[in-house]
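These notes are about the structure you will find just below.
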Amino acid sequence: MKIAVTSTGSDLDAQIDPRFGRAQYLLIIDVESYEVEAIENPNIAAGGGAGIQTSQLVVDRGAEAVLTGNCGPNAFRTLAAAGLKIYTGLNGSVREAVESLKSGELTPTEGPSVPGHFGSSG
Amino acid sequence: MKIAVASGKGGTGKTTVAVSLALSVPDAQLVDADAEEPNCHLFLRPSIQRTIPVYMMVPHVDLTKCDFCRKCADFCAFNALAVVKEQVLVFPELCHGCTGCVYVCPREAIVARQRQIGEVEIGAARGMVFIQGRLKPTEPSAVRIVREEIAQIDPKGGPAIIDASPGTACAVQDTIGQSQFCLLVTEPTPFGLHDLKMAMDVAQELGVPSGVVINRNGARDSIIEDECRKRNIPVLLKIPFDRRVAEAYSRGQPLVDAFPEWRESLRSLYREIERRVMT
């Protein structure tokens, strides 16, 4: 299974980026082999709809779950429509997050964790 | 002639200046383009004669025709459409109503439906044409409302004084861009100056000449004048800080009603704007 994790860096030891739509990196990780595809997020500076675009991106890469800090309403709607499981409230390193998912410690969120525009600075 | 009254920062006196300027100039038309919270009516108590609904499109996708090619989502600059796993998601609050998705769809699967986002009210107040917009609560963009208000200005009528919303967002840019002159009302505080600079940038970018009114003028007014000098933008009027002006405002009394001596200053202000636009 492939999952998408929002990250501040390009490898497993980087910290989780608490923003989803405007995360610095999206790591597409194979949870069995720990193979990582690091994507610099092209939507950091999107005027609006960053969460929607980032959702589209991780869906297209075949992720079945998302691990992040927070997820707004539009991203939540898009990811849920595509059938992805969304885990919010994560912090620490990407590796720790993946391990806690694998050990069954995490429960998917049932709704957006923050209101819209949470991760935009303006 | 259309004169936009803008400010950048809110609460600097746009409405005070716009209402009293309109009351001082013969045959003026007063347009309240702060559609999120119109307040000129509090001072002018207009009678509204007609109401025009304002609509915004919502893309509606017929999934029986759609083959999920994603051309619509790729075209949309505002990310109002997403295509994921044989589903098309529409985010109406992000849609700017351009209808581009309708045109780029190769299977004619998208139609533009309408939803009402607010209205424009047209009436009269003290012999003036009075136009105001009202954006429905939760609607994010007043641009369409402001455009409809400006379209309702009588081109054969007297000067239109347009009270813009605060800030420098799309609706304000539209208001300034459709005007021949931009009157910037500010206050001599660091916040007033900061936002004034942004409003000056907008007017300059749009090629609309501007002039400044310093409201609540007092000891520290030089920060505004220094900036105006630097940019070669004229200071056209100063309204001194006076508690009685605020008291009249709180009673819903226009400045020129409470202090008729301001009428002549505002007439000269108008003549100066006219002179600058004509030359």
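The values are calculated or read from the model by the stated rules, or taken from the named source; none is laboratory data. Computed from a predicted structure; not experimentally measured. Here Cβ is always computed from backbone atoms with ideal geometry, including for glycine, and neighbour counts include all displayed protein chains. Areas reflect the complete protein model, heavy atoms only, side chains present, ligands, DNA and RNA absent. Shrake-Rupley method; radii C 1.70, N 1.55, O 1.52, S 1.80 Å.
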Heavy-atom accessible surface that B and A bury in contact, both chains counted, 1.4 Å, Å² to 100: 1200 Å²
Filtered trypsin sites (Lys or Arg not before Pro), the range A:60-105: DSSP coil and at most 16 other beta carbons within 10 Å: A:Arg61
Chain A - percent of accessible surface contributed by carbon and sulfur, probe 1.4 Å: 46 percent
Chain-alone versus full-assembly comparison, the range A:34-72, residues with accessible loss of at least 10 Å² (1.4 Å probe): A:Gly48, A:Gly49, A:Ile52, A:Gln53, A:Gln56, A:Val59, A:Asp60
Accessible area expressed per residue, the range B:36-158, with surrounding protein chains retained (probe 1.4 Å, Å²): 53 Å²
Overall dimensions of chain B by Cα: Rg and Dmax, Å: 21.4, 69
Loop chymotrypsin sites (Phe, Trp or Tyr not before Pro), the range A:1-71, which have at most 14 other Cβ atoms in a 10 Å radius of their Cβ (DSSP): A:Tyr34
Mean Cα-pair separation over length for the range B:63-108, i.e. relative contact order, pairs under 8 Å, 6 or more apart, %: 41 percent
For the range B:129-279, alpha-carbon Rg relative to the globular expectation (2.2 N^0.38 Å, N residues): 1.09
Members of the range A:73-97 that become less accessible by 50 Å² or more once partner protein chains are added (1.4 angstrom probe, chain alone as reference): A:Arg77, A:Ala81
Net charge contributed by nearby residues that have their C-beta within less than 9 Å of A:Glu64 (K/R +1, D/E -1): +2
Long-range HN-HN contacts of B:Val129 with modeled amide H, under 5 Å: B:Leu30
FRET E, pair B:Leu206, B:Arg276, Förster distance 22 Å, beta-carbon r, rounded to 0.05: 0.90
Sparse-neighbourhood loop sites, GluC sites (Glu not before Pro) in the range B:63-137 - DSSP loop, at most 15 other Cβ within 10 angstrom: B:Glu86, B:Glu108
Carbon/sulfur fraction of accessible area - the range B:214-279, other protein chains in place, 1.4 Å, %: 49 percent
³J(HN,Hα) computed for each position of the range B:153-160 - Karplus, 6.51 cos²θ - 1.76 cosθ + 1.60, integer Hz, glycine/proline x: 5, 6, x, 8, x, x, x, 9
Local net charge near A:Gly48, Cβ-Cβ under 15 Å (Lys/Arg +1, Asp/Glu -1): +1
Cross-link pairs B:Lys2/B:Lys136; B:Lys2/B:Lys230; B:Lys156/B:Lys230; A:Lys102/B:Lys65; A:Lys102/B:Lys71; B:Lys9/B:Lys136 - those with Cα-Cα distance over 31 Å: B:Lys156/B:Lys230; A:Lys102/B:Lys65; A:Lys102/B:Lys71
Share, in percent, of DSSP beta bridges within chain B that are antiparallel, nearest 5: 50 percent
Solvent-accessible area per residue for the range A:2-102 (1.4 angstrom probe, square angstrom): 38 Å²
Cα-Cα separations in the range A:2-102 greater than 18 Å, expressed as whole percent: 35 percent
Debye log10 I(q)/I(0) for the range B:172-213, one point scatterer per Cα, at q = 0.13, 0.18, 0.34 Å⁻¹: -0.24, -0.45, -1.21
Across chain B: Cys residues that no other cysteine approaches within a C-beta distance under 4.7 Å: B:Cys40, B:Cys66, B:Cys69, B:Cys76, B:Cys95, B:Cys98, B:Cys105, B:Cys170, B:Cys182, B:Cys228
Intensity falloff of the range B:63-108 expressed as log10 I(q)/I(0), Debye formula with alpha-carbon point scatterers, at q = 0.15, 0.17 Å⁻¹: -0.32, -0.41
